[in-house]
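Step one of this worksheet: look at the structure below.
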There are 2 protein chains.
Amino acid sequence: MKGAQFPNPIYLVNPKYIDEDLMGYKFYDSISSIPDETPVDLAIIAVPAQLTPSIIEQLGKKGVSFAHIFSSGFSELDTEFDKKGKKLEEELIRNASRYGIRILGPNCMGIVAPKSNLTFLMSFRSMQEANKEFDSKNIEGLDDLGNLINNGQVAFISQSGGIAFTHGMLSHSLGYSFSKIVSLGNQIDLDLLDFLRYFKDDPETKIISMYIENIKREGNEFVRLLKETTAKKPVIIWKGGIFQTGHQAVMSHTGGLAGNYKMWESMACQTGVILVDNFVELTDMIQTSLTYPFPQTLGTAVLSMSGGTAVESTDEVERNGLLMPLLTQEVTQKINQFIPEINSNLKNPLEFGGKNSLEHTVKIIKMLGEEPQFSSIIMASSPEYLVFRRGNSLDDYIKAISNALPPHSGKILLCVASSMNMFEQGIKMNLEFSSKSLSNGFVVYRSTAAAAKSCYRWWKYGKYLEKRKIV
Amino acid sequence: MKGAQFPNPIYLVNPKYIDEDLMGYKFYDSISSIPDETPVDLAIIAVPAQLTPSIIEQLGKKGVSFAHIFSSGFSELDTEFDKKGKKLEEELIRNASRYGIRILGPNCMGIVAPKSNLTFLMSFRSMQEANKEFDSKNIEGLDDLGNLINNGQVAFISQSGGIAFTHGMLSHSLGYSFSKIVSLGNQIDLDLLDFLRYFKDDPETKIISMYIENIKREGNEFVRLLKETTAKKPVIIWKGGIFQTGHQAVMSHTGGLAGNYKMWESMACQTGVILVDNFVELTDMIQTSLTYPFPQTLGTAVLSMSGGTAVESTDEVERNGLLMPLLTQEVTQKINQFIPEINSNLKNPLEFGGKNSLEHTVKIIKMLGEEPQFSSIIMASSPEYLVFRRGNSLDDYIKAISNALPPHSGKILLCVASSMNMFEQGIKMNLEFSSKSLSNGFVVYRSTAAAAKSCYRWWKYGKYLEKRKIV
């Protein structure tokens, strides 16, 4: 919080340390001894589970109305025979409702709200400090929170603290920032639906993304709220725990998939929710939603380096639902004026490996932008060929391709950069390429499959809105 | 070839340059003027397509019996109305058969045979030189062929020259080397089956891998040969062009998938071939085959860092065919002696984020190695936590986990290192981790899904051999 330059007073409460201070903050021996001049908006509770109900009691007396319980050791540890955690949670709720306190958690990371400099993200050095009992190596890294607390447009609600933390920490390499991040924990009071309802109307939030494992309320209520929300902004859901059989491997295991996943799929169909399968797909989809208008059709053109990758790209593009219409003969002939037939293939996918240059690439993208049968263009080749072998700089490359599509064509250019690379320089360049992409109007995906999948899902949400006559 | 230290004479033939020399080699004005003292084993032909038939004629007169035609511009350019390329190829075959010459190609990269220092791979600097008409930047890179021509155990047959080249060039980061690489091209004479038959009996080749788009001979002959081969060594096939509709997007497109892919799948079932879907899966599968014994069952234990990734891993593991039996209570209790219950989950997946240490990790792997319900263990967490936050060195980490499984347990440990990373150091470390893995007895996959998929496929080949009573 200090690293994030939280502007308001922070009070540390712990009776054990009243004679000490921590980073310039003094310790109070109890909640009641906190000075009254500044009202306390939020209490972060990190004491052993069994002490939390009495802390809530004390907060109530102090007039604090919002508590984030970081502590674990509640119902998540319960077994069929031992419901101690559940009982503690009920006690928390009883105490909280007596004073009108709202609780986030327990067993969660809390909230990141960059606009208020409130965060649970930490710098690389802080992470090392947190483990300083170990002989940690002194590695140079991010020294302050820097752009980790940039104000952004993406809300992320997560039922996993680890995933909330990871997602937030990756912000600088993903090229987007967060309006808010919420780690939900056990949801004994404030839950997914409360936050979803809030983000629906939050003017700072342009996209709502979630990692969820289960819903604590009626399915109908959730579906209704989702429908209202998707009419206003994209909702991307990664549903974890699709397979119920992790803990019951002996039981029928396709059965588990069918029931559960089918339900989520039909919910997504009804509500326009964009369903994704894992973390990488979640970040791909957020980048896609932030960057592109809806593709009007499934027609895509694929630019490729070699015949083999062209075939691979075609398989991956079509496997993921897009279509690849042919180029018209007129366009092929126009391209043949500067790219000879030999060792190239100008149908779709287009490959012109040996005769590739930045100028030719841009020229071809421009031409494809005028063709009605394509709504999207997938560049299935990383920039390394043009940068390392043709001597272009990466920045020139980025600038050229980001301006290649005719303005207002309504079409989108999706790029691919492989994580497999012959040279370390190539990997480094691809990372730089990715991190600079969003601010230049395109997304860099890890594979053609990922680009196609995201494009297809984005098209589908567009069609959903069209059907509801929203766009 | 010079970079690869090809030990025998190389004769350059080109009448235009008879007064010049290239890297110390003189030019001959015709094939007939090459001195007779050393017999010529191989001719590499890189002249315009229409000249190739007369070159074959000249080679015949000289007594050269093997020609690799690099040139393109043959049947691959033909259209429905223009079969010029096909006619040229027929002329080539007529001329070749008159002299008993065997042809590889045309339209291909040729052969890499490290033992003979024969190669089409090139150093990074050579690649830049090849494009020196452009103002290429001088980037430090591999200066000679180094380990690109290491003698290895993997044969790769490819119908795409680009993929053959890429695969070869990635050898040093993939951690394996090649016995031979063959780029097939148009297969007018020597074809896939010829090479497959050769590699079946090649004592240097332990694994046969392929990229193929189509078969030029009878399906039955191919199936018979595959059956003979899989009885001796693993055959991994990446079939490109699963979707026939890239060029005919308007036509029914699931129809294309069903017919074609189903045929390949049933062929794989019959023959024990390991079918993969793309380049990354091909390399994953080669690494898997080179490294592990067959898993005896589908039972796998997953080690994870946080609750969220544990759920993600479970989904990915089960989606790809493996099963996750529970830990016995005895083992859970043993682990609870050093890892407290709070913030950990010791069923399966096992997650013990905050209390993770290298010592604990190794201890747990050892215990899992003794449990009969697991044949494989997937470490779904990259080493960065232990290296950056707990101060272990990567080499200690590698050493510890590579020795963790009890010898002769017959079980396998599969590792995962994400390409998404909060810090550049993490990405670099994961690359180093991957490149050192194979020589330490384990494989590092890019995702839990990839690990599970490869493990499942390897198990399936094992079962196939069992059924045929081969193992």
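Observations
- The residue of the stretch A:167-199 that is surrounded by the most Cβ atoms within 10 Å (Cβ to Cβ), among those that are among the aromatic types (Phe, Trp, Tyr) and over 16 Å from A:ARG102 (Cβ atoms), is A:PHE178.
- Condition broken by A:SER183, with the remaining ones in (1) within 14 Å of another protein chain (Cβ to nearest Cβ); (2) at pLDDT below 95; (3) over 21 Å from A:MET267 (Cβ atoms) satisfied: (2)
- In the stretch B:85-118, the residues that are in contact with a strand residue (DSSP E or B) (Cβ under 8 Å, 6 or more places away or on another chain) and part of a loop (DSSP other than H, G, I, E, B): B:ILE101, B:GLY105, B:PRO106, B:ASN107, B:CYS108, B:MET109
- Residue match in the stretch A:315-322 (condition: within 13 Å of chain B (Cβ to nearest Cβ) and hydrophobic (A, V, I, L, M, F, W, C)): yes
- From A:LEU303, A:LEU346, residue being in contact (Cβ under 8 Å) with a residue 24 or more places away in the chain and either buried (at least 24 other Cβ atoms within 10 Å of the Cβ) or of a type in the set (A, V, I, L, M) (or both): A:LEU303
- Leading residue by the ranking (surrounded by the most Cβ atoms within 10 Å (Cβ to Cβ)) among those in the stretch A:278-299 that are within 9 Å of chain B (Cβ to nearest Cβ) and touching a Leu at 6+ places or on another chain (Cβ under 7 Å): A:THR283
- Of all residues in the stretch B:323-343 being surrounded by fewer than 19 Cβ atoms within 10 Å (Cβ to Cβ) and either at the interface with another protein chain (Cβ under 7 Å from one of its Cβ atoms) or among the charged types (D, E, K, R) (or both), the one that is farthest from A:TYR261 (Cα to Cα): B:LYS334
- Subset of the stretch A:353-406 that is of a type in the set (Gly, Ala, Ser) and more than 26 Å from the chain's Cα centre (by Cα) - its residue that is surrounded by the fewest Cβ atoms within 10 Å (Cβ to Cβ): A:SER393
- Selection status of B:LEU118, within 25 Å of B:SER160 (Cα to Cα), aliphatic (A, V, I, L, M) and free of Cβ contacts under 8 Å to residues at least 60 places away in the same chain: no
- All positions within the stretch B:7-24 that are within 23 Å of B:ILE56 (Cβ to Cβ) and in contact (Cβ under 8 Å) with a residue 12 or more places away in the chain: B:ASN8, B:PRO9, B:ILE10, B:TYR11, B:LEU12, B:VAL13, B:ASN14, B:PRO15
- Search result, residues across the stretch A:83-119 that are of a type outside the set (A, V, I, L, M, F, W, C) and over 32 Å from the mean Cα position of the chain (by Cα): A:LYS83, A:LYS84, A:LYS87, A:GLU90, A:GLU91, A:ARG94, A:ASN95, A:SER97, A:ARG98, A:TYR99, A:GLY100
- For the stretch A:422-447, the set of residues classified as of a type in the set (D, E, K, R), modelled with pLDDT of 85 or more and surrounded by fewer than 20 Cβ atoms within 10 Å (Cβ to Cβ) consists of A:GLU432, A:LYS436, listed by residue number.
- Enumeration of residues in the stretch B:370-414 that are under 20 Å from B:PHE352 (Cα atoms), within 11 Å of another protein chain (Cβ to nearest Cβ) and in contact with a strand residue (DSSP E or B) (Cβ under 7 Å, 6 or more places away or on another chain): B:PHE374, B:SER381
- Screening A:ILE149, A:ILE207 for residues that are touching a helix residue (DSSP H, G or I) at 6+ places or on another chain (Cβ under 6 Å), more than 14 Å from chain B (Cβ to nearest Cβ) and modelled with pLDDT under 95 leaves exactly one candidate, A:ILE149.
- Checked against (1) under 21 Å from the mean Cα position of the chain (by Cα); (2) modelled with pLDDT of 95 or more, A:GLY299 meets all criteria but (1).
The values are calculated or read from the model by the stated rules, or taken from the named source; none is laboratory data. The structure displayed is predicted, hence computed values, not measured ones. Here the Cβ is made from the backbone with ideal geometry for all residues, glycine too, and neighbour counts use every protein chain on show.
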